[in-house]
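Trainee: Pasting in a structure now, in structure tokens, and then I'll have a few things to ask.
The values are calculated or read from the model by the stated rules, or taken from the named source; none is laboratory data. Here the structure is a predicted model, which means the values were calculated and not measured. Ideal geometry is used to build each Cβ from the backbone, glycine not excepted, and the neighbour counts take in all protein chains shown. Just the protein is used for accessible areas: all its heavy atoms, side chains included, with ligands, DNA and RNA removed. Shrake-Rupley method; radii C 1.70, N 1.55, O 1.52, S 1.80 Å.
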Amino acid sequence: MQRSRIIDVLASSGPAESVTVCGWVRTRRDSRGFAFLEINDGSCLKNLQVVVDEGTEAWKSLEGVNTGAAVRICGILVESPGKGQKWEVHAASLQVFGLADPLSYPLQKKRHSDEFLRTIAHLRPRTNKYGAVFRMRSEAAWAVHDYFRQRGFSYVHTPLLTGSDCEGAGEMFRVTTLPPYMEKGSALYPQGDFFGRPAALTVSGQLEGEAFACALGSIYTFGPTFRAEHSNTPRHAAEFWMIEPEAAFNDIWDNMELAEGLVAHAVRHVLERCHDDMELLDRFVSPGLTDGLRNMLDRGFARVSYREAVELLQKSGHAFEYPACFGADLQTEHERFLAEEYFKSPVTVYDYPKAIKPFYMRLNDDGETVAAMDLLVPRIGELIGGSQREERLDLLLQRMSELGQKMEDYWWYVDLRRFGSVPHSGFGMGFERLVMLLTGVSNIRDVLPFPRTTGNLEF
Ligand code: 4AD
Ligand code: MG
């Protein structure tokens, strides 16, 4: 079907004799002798104003056309005498694709609560706010691919079905083709199952990513990730997207630079490309969003070791729910304090105690900490987690046995240390958390098209 996108129509350099647009009616206003329709086709935040004059072909088709109806309009593009828009269309013909009953179509009001809109996740992208968020989500994905492509990284598609628990946290969704009564506990499990061994949805593509980094040099993954954690927070989802670069010959400092550069690149990208959507979010969702992101670029990123971070949290005089102490993981309240109040910028915390980190992280010379790094950002806390990897065979084996990792699950990973082992590093960035940073949206459920969290699988 030939049509012009509204974003292009609104950017016209002059009037046009004939233009065709398709979209959904946002509002209809009737006056004596004519009607105004505001049409949105999702190509941009702005609507196109359409004037339907009495006596035209289009007028005859107006019956029942209300908010939510899908239409096609052919007409002429003229300069608009009204305020707020440069161009408007005077309709010659109007075709209705689908009406929307005003008594049951839920998006009648101008504003709805986020909670209500979550119950109609199939319709919420038709609102201004969610349209803006999901256009920006798309742009952010392009920014990520751009960034790695410019640096010569290959995009690797790591498997979603896996037999190994990369993070060792045991938060995996089990995958089986056995009928429920034959699952765990039955003699058939796991030998009689599809893979002949326990299978799960991946919590990270890192281990497979390392294999490819140790062949192609620099790689990244960008795909769905699954975690059956029950934490009911605004930052955790059961299904989310993660970006995981892995680079041979990179040490922890190269890794930090890569991570900081990625965040800065994504921020710059949306500031350049998402002007209208960001303005809306700045006005209605997160006041100060744009200035905050600009400041982030201007101020630069801070770095602090875990040890220093704990000390300055303890000395801060701030009343935390959980006091910071060496040896414990940083809580979100600590992470946000560091980024928001102390450094007032994103900050990378590095060299965590080995006891709170997974087996694959490289042991530092102190024997107590590992070359881990978390990048924390204002409003969210942890955006990125990564490390330099343990490339020394003996130390890796020792760590695996301390943590009870089974050799039969990881033999191929260990092989990478047997044959041409190299120093290498990587990290994982939660894509939704990046989108939250860029859009100012405070709940992960509102940046996922159809969020999956504990107890939620409606759509
Ligand atoms: O810190 P995490 O667990 O690190 C890893 O999975 C490593 N294997 C990454 C690597 O080194 N290649 O997760 C990385 C990031 C977190 O910083 C967070 O942004 C995001 O993934 N994340 C989640 N996002 C949404 N919902 C969840 N349940 C998340 N769990 C982690
Ligand atoms: Mg982490």
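Trainee: Would you confirm whether or not segment 289-310 contains a residue that is buried (at least 20 other Cβ atoms within 10 Å of the Cβ), assigned to a loop (DSSP other than H, G, I, E, B), more than 22 Å from the chain's Cα centre (by Cα) and at negative phi?
Mentor: no
Trainee: Would you check if Val19 is closer than 27 Å to Lys109 by Cβ and touching a residue at least 12 places away in the same chain (Cβ under 8 Å)?
Mentor: Working: closer than 27 Å to Lys109 by Cβ: no; touching a residue at least 12 places away in the same chain (Cβ under 8 Å): yes.
Against the criterion (closer than 27 Å to Lys109 by Cβ and touching a residue at least 12 places away in the same chain (Cβ under 8 Å)), Val19 does not qualify.
Trainee: Quick test of your reading of the structure: Gly192 fulfils all but one of (1) part of a loop (DSSP other than H, G, I, E, B); (2) closer than 24 Å to Cys166 by Cα. Name the failing condition by number.
Mentor: (2)
Trainee: Give segment 51-89 a look and list any residue that's open to solvent by 20 Å² or more (accessible area, probe 1.4 Å), more than 27 Å from Tyr105 (Cα to Cα) and part of a strand (DSSP E or B), or say none.
Mentor: Listed by number, the residues that qualify are Ile76, Val78, Glu79.
Trainee: Right, another one. Which residue, of Phe359, Phe320, is open to solvent by 10 Å² or more (accessible area, probe 1.4 Å) and either within 26 Å of the chain's Cα centre (by Cα) or aromatic (Phe, Trp, Tyr) (or both)? Walk me through it before giving the result.
Mentor: On the way: Phe359 fails: open to solvent by 10 Å² or more (accessible area, probe 1.4 Å).
It is Phe320.
Trainee: Within segment 238-257, which residues are more than 9 Å from ligand 1 (Cβ to nearest atom) and open to solvent by 20 Å² or more (accessible area, probe 1.4 Å)?
Mentor: Phe249, Asn250, Asp251, Trp253, Asp254, Glu257
Trainee: I've got another one for you. On the given criteria, is Phe249 within 15 Å of ligand 2 (Cβ to nearest atom) and either over 17 Å from the mean Cα position of the chain (by Cα) or more than 22 Å from Arg392 (Cβ to Cβ) (or both)?
Mentor: Details: within 15 Å of ligand 2 (Cβ to nearest atom): no; either over 17 Å from the mean Cα position of the chain (by Cα) or more than 22 Å from Arg392 (Cβ to Cβ) (or both): yes.
Spelling it out, it is not the case that Phe249 is within 15 Å of ligand 2 (Cβ to nearest atom) and either over 17 Å from the mean Cα position of the chain (by Cα) or more than 22 Å from Arg392 (Cβ to Cβ) (or both).
Trainee: Continuing with the same structure: Mind checking which residues of segment 364-373 are open to solvent by 10 Å² or more (accessible area, probe 1.4 Å) and either within 16 Å of ligand 1 (Cβ to nearest atom) or at positive phi (or both)?
Mentor: Gly367
Trainee: If I ask for residues that are of a type in the set (A, V, I, L, M, F, W, C), within 13 Å of ligand 2 (Cβ to nearest atom) and in contact with a Lys or Arg (Cβ under 7 Å, 6 or more places away or on another chain), which ones from segment 371-396 would you list?
Mentor: Of everything in segment 371-396, those that are of a type in the set (A, V, I, L, M, F, W, C), within 13 Å of ligand 2 (Cβ to nearest atom) and in contact with a Lys or Arg (Cβ under 7 Å, 6 or more places away or on another chain) turn out to be Ala372, Ile380, Leu383.
Trainee: Among the residues of segment 33-50, which ones are closer than 12 Å to Ala91 by Cβ and open to solvent by 10 Å² or more (accessible area, probe 1.4 Å)?
Mentor: Just the residues of segment 33-50 that are closer than 12 Å to Ala91 by Cβ, to begin with: 34-37, 39, 48-50.
Correct list: Phe34, Phe36, Gln49.
Trainee: Which ones in segment 317-337 are assigned to a loop (DSSP other than H, G, I, E, B) and of a type outside the set (A, V, I, L, M)? Break it down into steps so the answer makes sense when it comes.
Mentor: Start the filter on segment 317-337 by keeping residues that are assigned to a loop (DSSP other than H, G, I, E, B), which leaves 317-331.
Passing the criteria: Gly317, His318, Phe320, Glu321, Tyr322, Pro323, Cys325, Phe326, Gly327, Asp329, Gln331.
Trainee: Another question, if that's okay. Look at Ile39 and say whether it is in contact (Cβ under 8 Å) with a residue 24 or more places away in the chain, out of contact with any Leu (no Cβ under 7 Å at 6 or more places or on another chain) and in a strand (DSSP E or B).
Mentor: no
Trainee: A further question on this structure: Based on this model, can you work out whether Arg124 counts as open to solvent by less than 40 Å² (accessible area, probe 1.4 Å), among the charged types (D, E, K, R) and within 20 Å of Val25 (Cβ to Cβ)?
Mentor: Numbers: open to solvent by less than 40 Å² (accessible area, probe 1.4 Å): yes; among the charged types (D, E, K, R): yes; within 20 Å of Val25 (Cβ to Cβ): yes.
Answer is yes for this residue.
Trainee: Return the residues of segment 196-221 that are out of contact with any strand residue (DSSP E or B) (no Cβ under 8 Å at 6 or more places or on another chain) and of a type in the set (A, V, I, L, M, F, W, C); say none if nothing qualifies.
Mentor: Within segment 196-221, Leu207, Ala211, Ala215 qualify.
Trainee: Among Gly196, Gly170, which is the only one that is within 16 Å of ligand 2 (Cβ to nearest atom) and at positive phi? Spell out how you get there, then give the answer.
Mentor: Values: Gly196 fails: within 16 Å of ligand 2 (Cβ to nearest atom).
Sole residue among the options that is within 16 Å of ligand 2 (Cβ to nearest atom) and at positive phi: Gly170.
Trainee: Right, next: Among the residues of segment 252-261, write down those that are within 16 Å of ligand 2 (Cβ to nearest atom) and hydrophobic (A, V, I, L, M, F, W, C). Spell out the reasoning first.
Mentor: Pass one, segment 252-261, residues within 16 Å of ligand 2 (Cβ to nearest atom): 252, 255-256, 259.
Passing the criteria: Ile252, Met256, Ala259.
Trainee: What do you reckon, is Gly23 open to solvent by less than 70 Å² (accessible area, probe 1.4 Å) and assigned to a strand (DSSP E or B)? Explain how you work it out, then say what you get.
Mentor: On the way: open to solvent by less than 70 Å² (accessible area, probe 1.4 Å): yes; assigned to a strand (DSSP E or B): yes.
So Gly23 passes the test.
Trainee: For Pro245, work out the one condition from (1) in contact (Cβ under 8 Å) with a residue 60 or more places away in the chain; (2) under 20 Å from Arg135 (Cα atoms) it doesn't fulfil.
Mentor: (2)
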